[in-house]
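Here the structure comes first, spelled out in structure tokens, and everything after it is commentary.
The values are calculated or read from the model by the stated rules, or taken from the named source; none is laboratory data. Quantities reported herein were computed from a predicted structural model and do not represent experimental measurements. As a convention, Cβ positions derive from the backbone with ideal geometry for all residues, glycine included, and neighbour counts pool all protein chains shown. To get the accessible areas, we keep the full protein, side chains included, count just its heavy atoms, and leave off ligands, DNA and RNA. Shrake-Rupley method; radii C 1.70, N 1.55, O 1.52, S 1.80 Å.
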Amino acid sequence: MTKKTRAKAVMVLGTTSNAGKSWLTTALCRYYARQGLKVAPYKSQNMSNNARVVAPTLVASRTALPPGGADFPWGGPAENGGGEIGSAQYFQALAARATPDVRMNPLLLKPEKDTQSQVVLMGQVNAELSALEWRGRSLSVWPVVARALDELLAENDVVVIEGAGSPAEINLKSSDIVNMRVALHAHAACLLVTDIDRGGAFAHLYGTWAMLDEAERALIKGFVLNKFRGDASLLAPGPQMLQDLTGVPTVATLPMWWQHGLPEEDGVFDERSISAGKVMKTVAVIAYPRISNLDEFQPLKNVPGVRLKWVRSPAGLLDADWIILPGSKATSADLAWLRAQGLDQAIAAHAGRGGAVLGICGGLQMLGEALIDPHGIDGNGPGLGLLPVVTVFDEAKTVRHRQAAFASVGGPWAGLSGVEVQGYEIHHGQTEPHSAMAAAGDIACPVMPEGLAWQNAAGNVLGLYLHGMFEDPRVLQALFGAATPTLDSVFDGLADYIGQHFGPGVLQSLIE
């Protein structure tokens, strides 16, 4: 394809949340990249506590906000200059064979409470935007997110855009910066995908199309039926009747596919988290309300003999070999929730029997003796007391890639001794040994440099700040003696899948 001054934009919209937008966007990124095209993903606004660290792009995309609104600062750079984007856009960039950067998800909302989110603009936390009413916030940041999109359109052959929720939410239309406003700005060829497994798919597609303006309808180039089970011939005459009503063809019927290999962006309760072979180890991840970075456990689903399950009650821990306390966007609040469920006692009993316990980031902080919050970042409170360490929350947020090696590690984690791990940090807290506990002989053993990881004296409880440990093949080999499919093979599988199930020539027509 000859390089143009402005890329072709392909956009994936959905009739509902969880219709399949994220994985289809990822598949399209790899599909077009395999044609030798320069491809980038884009989602103007994502709401998720699953984030990844990327290099910020601050100078080129700095845009003054409209007259009458504040020119919000980007905020000081995070430690080591890292920025945050949603995990889905991070994986989409890798699928596109592009370097992830903050323009691919210029606005990230990280929920802290039901009515409050931390706002990350162009990779950096922005306290002023976080305090704004959400409708005003959306309108204020439109010039910023539009500029980021324009830059990607100018630099690439194809930009694959993901929408959010449904484009037909008429109560949100006036403040839309993620669906049809983006589609019109980019002149995008749009696919509208629906989850047929839920039922009512034709009504969802027709109703969504009918509630769009005429100019918006003109951008819808095809309907996609996702998660179909059974004989596709039984769908007739539905697709043709729908086309007669709308003028839009159904361009793909995608069969239900449980093991596509990508992590779920939002949901955790996946009963199909059992890999092939006899179950040798059950890994229970505590699914508190503000769980973050849950996508890092996806590789465990593919390890032979491992069963991964998400737990919200003590009964779910009865058969667990390992208990994992994952990251949290609200550590103190999630710790209070954990106690209210009685999970604190169940975890303590498991550890008391010598059972393996792993805490990652917020989970590490919970395992300690206390959470101390002098700046009102997260909240004070006692920890679970399974690691003799104390966490103090700092105003500065650590956001960076890290590579570090484990020192000598004991207990069920002994296989990690000397293993070098690549991952990332996103946290406010700084964790140190508890001096009073040390004086009493209960020693926290640092097992990574710079306080990145700690182990109790008995060796069965391990806590670390490094996200992404299970995504490192060296760790999977050390702990399980197993290798899992590479991300690159997952992306190729996605591209092959849509190539097989979309109508002939459809995907090419979207960029011509």
ask   = Any chance the stretch 374-381 includes a residue that's open to solvent by less than 10 Å² (accessible area, probe 1.4 Å) and not in a loop (DSSP other than H, G, I, E, B)?
value = no
Within the stretch 165-209, the count of residues that are of a type in the set (Lys, Arg) and crowded, with 18+ Cβ neighbours inside 10 Å comes to 1
Those residues of the stretch 1-22 that are closer than 18 Å to His501 by Cα, open to solvent by 10 Å² or more (accessible area, probe 1.4 Å) and in contact with a helix residue (DSSP H, G or I) (Cβ under 7 Å, 6 or more places away or on another chain) come to a total of 1
Discussion item. Among the residues of the stretch 306-328, are any under 20 Å from Lys113 (Cα atoms), acidic (Asp, Glu) and in contact with a Ser or Thr (Cβ under 8 Å, 6 or more places away or on another chain)?
Written reply: no
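Specify which of the listed residues (Ala346, Ala336, Ala407, Ala396) is in contact with a strand residue (DSSP E or B) (Cβ under 9 Å, 6 or more places away or on another chain), under 16 Å from Ala287 (Cα atoms) and open to solvent by 30 Å² or more (accessible area, probe 1.4 Å).
On the way: Ala346 fails: open to solvent by 30 Å² or more (accessible area, probe 1.4 Å); Ala407 fails: under 16 Å from Ala287 (Cα atoms); Ala396 fails: under 16 Å from Ala287 (Cα atoms).
Only one candidate qualifies: Ala336.
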Residues in the stretch 138-155 that are within 26 Å of Ile426 (Cβ to Cβ) and touching a strand residue (DSSP E or B) at 6+ places or on another chain (Cβ under 7 Å) total 5
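Just give me the residues in the stretch 121-131 being over 21 Å from the mean Cα position of the chain (by Cα) and open to solvent by less than 60 Å² (accessible area, probe 1.4 Å), in sequence order.
Step one: filter the stretch 121-131 for residues over 21 Å from the mean Cα position of the chain (by Cα), giving 127-129, 131.
Matches in the stretch 121-131: Leu129 only.
Within the group Ser44, Ser17, Ser22, which residue is polar (S, T, N, Q) and touching a Leu at 6+ places or on another chain (Cβ under 7 Å)?
Working: Ser17 fails: touching a Leu at 6+ places or on another chain (Cβ under 7 Å); Ser22 fails: touching a Leu at 6+ places or on another chain (Cβ under 7 Å).
After applying the criteria, what remains is Ser44.
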Note on the stretch 215-256: residues assigned to a loop (DSSP other than H, G, I, E, B) and more than 14 Å from Phe502 (Cα to Cα) are Ala218, Leu219, Arg229, Gly230, Asp231, Ala236, Pro237, Gly247, Val248, Met256
The residue that is nearest to Gln92 (Cα to Cα), considering only those in the stretch 481-496 that are among the charged types (D, E, K, R) and either over 19 Å from the mean Cα position of the chain (by Cα) or open to solvent by less than 20 Å² (accessible area, probe 1.4 Å) (or both), is Asp492
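Residues are listed down the side, and each one gets a yes or a no for (1) modelled with pLDDT under 95; (2) touching a Gly at 6+ places or on another chain (Cβ under 6 Å); (3) open to solvent by 20 Å² or more (accessible area, probe 1.4 Å):
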| position | (1), (2), (3) |
| --- | --- |
| Glu216 | no, no, no |
| Gly222 | no, no, no |
| Asn226 | no, yes, no |
| Arg229 | yes, no, yes |
| Ser233 | yes, no, yes |
| Pro237 | no, no, yes |
| Gln240 | no, no, yes |
| Gly247 | no, no, yes |
| Ala252 | no, no, no |
Those residues of the stretch 161-197 which are touching a residue at least 24 places away in the same chain (Cβ under 8 Å) and part of a helix (DSSP H, G or I) amount to Ser174, Ser175, Met180, Arg181, Val182, Ala183, Leu184, His185, Ala186, Ile196, Asp197
Inside the stretch 384-437, the number of residues satisfying the requirement of being more than 27 Å from the chain's Cα centre (by Cα), within 19 Å of Gly327 (Cβ to Cβ) and assigned to a strand (DSSP E or B) is 2
